[in-house]
Amino acid sequence: MIDPGLVEKMTGWRHDFHRHPELGFGEQRTSARVAELLRNFGLEVHTGIGGTGVVGVLQRGNGQASVAFRADMDALPITETGTPEWRSEHDGVMHACG
């Protein structure tokens, strides 16, 4: 069962990212926050990949197998018309994902 406190924290992280969107290759705040969260989870973190990219490494055992996950952090140059409390605070830039 998922801890409701963790779900609340994760929702807060998503809302914070949505409030502070950054366009591609300008995700300074976003990448710093992602790196901070990954470090807090105990992962080895590498930053500055391709400019603003972040890689978190979770090592278990000493095998050579690996799994990679990729996620976009950039926003789009679109004006948000919705009114949620986590609405973009940057005119003309928004996270328009699902």
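The values are calculated or read from the model by the stated rules, or taken from the named source; none is laboratory data. Every value quoted in this text rests on a predicted model; they were computed, and no experiment measured them. Positions of Cβ are generated from backbone atoms using ideal geometry, with glycine treated the same way; all protein chains shown enter the neighbour counts. Only protein heavy atoms, including side chains, enter the accessible area calculation; ligands, DNA and RNA are left aside. Shrake-Rupley method; radii C 1.70, N 1.55, O 1.52, S 1.80 Å.
Pairs needed: first member in the range 59-75, at negative phi; second member anywhere, open to solvent by 80 Å² or more (accessible area, probe 1.4 Å) and of a type in the set (Asp, Glu); C-beta distance under 8 Å; at least 6 residues apart or different chains. Note: pairs meeting the criteria are 59/44.
Which of the residues spanning the range 76-98 are more than 22 Å from residue 6 (Cβ to Cβ), touching a residue at least 12 places away in the same chain (Cβ under 8 Å) and part of a loop (DSSP other than H, G, I, E, B)?
Taking the range 76-98 as the starting set, the residues that turn out to be more than 22 Å from residue 6 (Cβ to Cβ) are 76-83, 87-94, 96.
Next, only the ones that are touching a residue at least 12 places away in the same chain (Cβ under 8 Å) stay: 76-80, 87-94, 96.
77, 78, 79, 80, 87, 88, 89, 90, 91, 92, 93, 96, listed by residue number.
Could you say whether any residue in the range 38-57 is surrounded by 10 or more Cβ atoms within 10 Å (Cβ to Cβ), part of a helix (DSSP H, G or I) and not acidic (Asp, Glu)? Checked against the condition, which is being surrounded by 10 or more Cβ atoms within 10 Å (Cβ to Cβ), part of a helix (DSSP H, G or I) and not acidic (Asp, Glu), the range 38-57 yields at least one hit.
Taken over the range 24-37, the criterion of being touching a His at 6+ places or on another chain (Cβ under 9 Å) and open to solvent by 40 Å² or more (accessible area, probe 1.4 Å) is satisfied by 29, 33. Every condition in (1) at pLDDT below 95; (2) over 14 Å from the mean Cα position of the chain (by Cα) holds for residue 48 except the one numbered (1). Tell me, yes or no, whether the range 9-23 has at least one residue that is outside any helix (DSSP H, G or I), open to solvent by 40 Å² or more (accessible area, probe 1.4 Å) and either modelled with pLDDT of 95 or more or of a type in the set (Lys, Arg) (or both). Yes, the range 9-23 contains a residue that is outside any helix (DSSP H, G or I), open to solvent by 40 Å² or more (accessible area, probe 1.4 Å) and either modelled with pLDDT of 95 or more or of a type in the set (Lys, Arg) (or both).
For the range 1-54, the tally of residues that are of a type in the set (Val, Ile, Thr) and free of Cβ contacts under 8 Å to residues at least 12 places away in the same chain stands at 4.
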